[in-house]
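J.: Handing you a structure now.
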Amino acid sequence: MRTHYDLIVVGGGIMGTFHAYHAARQNKSVLLLEKDNFPVGATVRNFGQVVPSGLAGRWFNYGQRSLELYQELQSKTDLTVRKHGSVYIASDADEWQLANELYDYYQAIGYPCELFTKEACLEKYPYLQKQYPVGAIFFPDEMTVDSPLLMQRFLAYCVEKEGVTYLNNATVVECQSSNGKANVRLTNQKSFQADKVLICNGHEFRMLYPELFAESGLIVSKLQMLQTIAFPTLEMQGNILTGLTIRRYESFQQLSSYTNLTTPAHYDELKKWGIHVLFKQALDGSVVVGDSHEYAGAQNVDDLGYHINDYINQLIIDEAKRIVTFPVEKMQMSWAGFYSQTSDEIYEYDIDEHIRIITGIGGKGMTSSGGYAEETISRLFS
């Protein structure tokens, strides 16, 4: 096995894999290292929704590009990409006002979207409770994926078709530069060299540069999500986002009416736990429902715990029952996911001219990593 590469990427999640993919597309030799047998972090513990409509600024642009990249990849291999769109369902006058303003904004910049009346919502989504929707905004170009299966197939594609060398169960314990190269050492004492190293470590802050991360200002968000039993007769196409999502996502926060938004009393406890209710039907007919948000600093991640809070799950289920008619309480599993984020959009830190850390993308990874990584690799090897 060779020991020198143009690029080594530490971290085999969606962020790291897209960087490896784009570098390989530039005919660079690439080694992708994953500490676990298979990526188990935020990459596979998310909804699998590709929703640029919820983002703002450059992240919206990266999301648009990612839609194109997912479509291109899907034409070459089945990554579970389904182009069924996203809908944000407004449940009161304030949310409906924001939906209308966002429609005007996206119409002005040419991002396809439609407004649905209450009647249109109930016709297109017959599983909604009749009293819930006031109206909705729909984005036809957005996508749904099944994240664990996508990652399995995307990694295989990068290896088989793009020539990426991929090592799993490969924990990096040292990364430093000497003699004009970056040197990476694994727990089994194997060493590799590269001209460039990108560390896409998610919320893993203990293995490399722990003192740096302790002072980084990064925080970790813990999410709880649930998955129902399969509903063979339910046809839920696309991403279903609701009133609490309208009140949370960046794209709505940039609108003029957002500063006048008030919080109805029945949302108080939900907002306390960072809950906004989303739905996505998986390939097997089950429905993924969530999620919540709890926070801790990078040096206090253990404070979040790895337990599931039943009270939070019940809050999510109760709000979901207010929105949909199918028996959402019939759950088969729930889990906690973790991702890192920063107030500066993303954490980019150059250890030196050879080693760069990229993490803290927050909840934007599945939507924006493709476009973001393409730009990063273009600059890295320009």
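J.: Take the chain, mark every one of the GluC sites (Glu not before Pro) that falls in a DSSP loop and has at most 11 other Cβ within 10 Å, then report the longest stretch left between them, sites excluded.
T.: Details: sites that count: E215, E235, E353.
Answer - 1-214.
J.: Divide, for the chain, the radius of gyration over alpha carbons by 2.2 N^0.38 Å, where N is the residue count. Mind showing how you got there, number by number?
T.: Numbers: Rg = 21.0 Å, N = 382, 2.2 N^0.38 = 21.1 Å.
Normalised by 2.2 N^0.38 Å, the Cα Rg of the chain equals 1.00.
J.: Which distance in nm do the two modelled labels at N37 and H84 give, with both placed 7 Å along the Cα-to-Cβ direction?
T.: Between N37 and H84, the label points sit 3.0 nm apart.
J.: Next question, about the same structure. So how tilted is helix 147-162 from the main axis of the chain? Cα-based, degrees 0 to 90, rounded to 10.
T.: Rounded to the nearest ten degrees, it is 40.
J.: Please identify which residues in region 1-21 have an amide N closer than 16 Å to a label point set 7 Å out from the Cα of K181, following the Cα→Cβ vector.
T.: 1-9
J.: Next question. Return an integer: the convex hull volume of the alpha-carbon atoms of region 279-382, in Å³ per residue. Don't jump to the answer; show the numbers that get you there.
T.: Working: hull volume 16.0 nm³, N = 104.
About 154 Å³ per residue, rounded to a whole number.
J.: Could you work out the Rg to Rh ratio of region 144-269, with Rh taken as the Kirkwood radius (inverse of the mean 1/r over all Cα pairs)?
T.: On the way: Rg = 21.9 Å, Rh = 20.2 Å.
Across region 144-269, the Cα-based Rg/Rh ratio is 1.09.
J.: Loop-only trypsin sites (Lys or Arg not before Pro) in region 1-90, please: DSSP not H, G, I, E or B, and at most 16 other Cβ atoms within 10 Å. It would help to have the intermediate numbers written out before the result.
T.: Working: sites: R2, R25, K28, K35, R45, R58, R65, K76, R82, K83; in loops: R2, K28, K35, R45, K83.
Sites meeting the loop and neighbour criteria: R2, K83.
J.: Additional query: Sorted by accessible area (1.4 Å probe), largest first, how do T242, T262 line up? Provide the component values of the computation, followed by the final result.
T.: Numbers: T242 0, T262 85 Å².
Accessible-area ranking of T242, T262, largest first: T262, T242.
J.: Kindly flag which residue pairs out of K124/K364; K118/K271; K83/K271; K35/K181; K190/K280 have an alpha-carbon separation exceeding 32 Å in this structure. Before the final figure, lay out each step's value.
T.: Details: K124/K364 27 Å; K118/K271 25 Å; K83/K271 30 Å; K35/K181 22 Å; K190/K280 42 Å.
Those over the limit are K190/K280.
J.: Next question. How much length is gained on full extension from D104 to A296, taking 0.36 nm per residue of separation minus their Cα-Cα distance? Please list the in-between numbers first.
T.: Details: separation 192, 0.36 × 192 = 69.12 nm, distance 3.68 nm.
65.4 nm is the gain from fully extending D104 to A296.
J.: Next up: Pick out, from L32, H84, N100, the residue whose Cα sits farthest towards the positive end of the charge dipole of region 1-114, with +1 on the Cβ of Lys and Arg and -1 on the Cβ of Asp and Glu.
T.: The listed residue farthest towards the positive side: L32.
J.: Treating cross-link reach as a plain straight distance, find the aspartates and glutamates whose alpha-carbon is under 14 Å from the alpha-carbon of K28, omitting any fewer than eight places away in the same chain.
T.: Partners found: D6, E162, D195, E374.
J.: Taking 8 Å as the Cα distance limit and 6 or more residues as the minimum spacing, I'd like the relative contact order of region 207-360 as a percentage. If you can, show how the numbers build up before the last one.
T.: Numbers: 239 pairs, mean separation 55.4, N = 154.
In percent, rounded to a whole number, it is 36.
J.: Further question: Please report, in debye to the nearest 20, how large the charge dipole of the chain is about its Cα centre when each Lys and Arg carries +1 at its beta carbon and each Asp and Glu carries -1 there.
T.: On the way: 32 positive and 45 negative charges, 162 e Å.
The dipole of the chain has a size of about 780 debye.
J.: A follow-up question, please. Would you mind calculating the gained length between N188 and E174 on full extension (0.36 nm times residue separation, minus the Cα-Cα distance), in nm to one decimal?
T.: Details: separation 14, 0.36 × 14 = 5.04 nm, distance 1.16 nm.
Length gained, N188 through E174: 3.9 nm.
J.: Over region 1-54, what is the mean sequence separation of C-alpha contacts under 8 Å (at least six apart), divided by residue count, expressed as relative contact order in percent? Show your work: numbers first, answer last.
T.: Working: 52 pairs, mean separation 19.6, N = 54.
After rounding, I find 36 percent.
J.: Please compute, for the alpha-carbon atoms of region 166-239, the extent along each of the three principal axes and give them in descending order in Å.
T.: The Cα atoms of region 166-239 stretch 62, 31, 22 Å along the principal axes, largest first.
J.: Which value in deg cm²/dmol, rounded to the nearest 500, describes the helix-derived mean residue ellipticity at 222 nm for the chain, given -39,500 (n - 2.57) per DSSP H run of n ≥ 4 and division by the residue count?
T.: Details: 11 runs with 119 residues, N = 382.
Computed ellipticity for the chain at 222 nm equals -9500 deg cm²/dmol.
J.: Helix 365-380 versus the longest principal axis of the chain: what is the Cα-based angle in degrees, 0 to 90, to the nearest 10?
T.: It is inclined by approximately 30 degrees.
J.: Something else now. At 0.36 nm per residue, and after removing the present C-alpha to C-alpha distance, how many nm does the segment from A93 to S382 gain when stretched out fully? Working shown, then result.
T.: Working: separation 289, 0.36 × 289 = 104.04 nm, distance 4.96 nm.
That pair, A93 and S382, stretches by 99.1 nm at full extension.
J.: With r defined as the distance between the Cβ atoms of E162 and E250 and R0 fixed at 41 Å, what FRET efficiency is calculated, to the nearest 0.05? Intermediate values should be presented prior to the final figure.
T.: Details: r = 32 Å, r/R0 = 0.78.
FRET efficiency, E162 to E250: 0.80.
J.: Shifting gears a bit: Could you point to the residue in V172, I219, Q237 farthest towards the positive end of region 158-242's charge dipole, with +1 and -1 charges on the Cβ of Lys/Arg and Asp/Glu respectively?
T.: Farthest along the dipole direction, towards plus: V172.
The values are calculated or read from the model by the stated rules, or taken from the named source; none is laboratory data. The shown structure was predicted, so the numbers you read here are calculated from the model rather than taken from an experiment. Glycine also receives a Cβ, built like all others from the backbone with ideal geometry; neighbour counts cover every protein chain displayed. Accessible surface areas use protein heavy atoms only, side chains included; no ligands, DNA or RNA. Shrake-Rupley method; radii C 1.70, N 1.55, O 1.52, S 1.80 Å.
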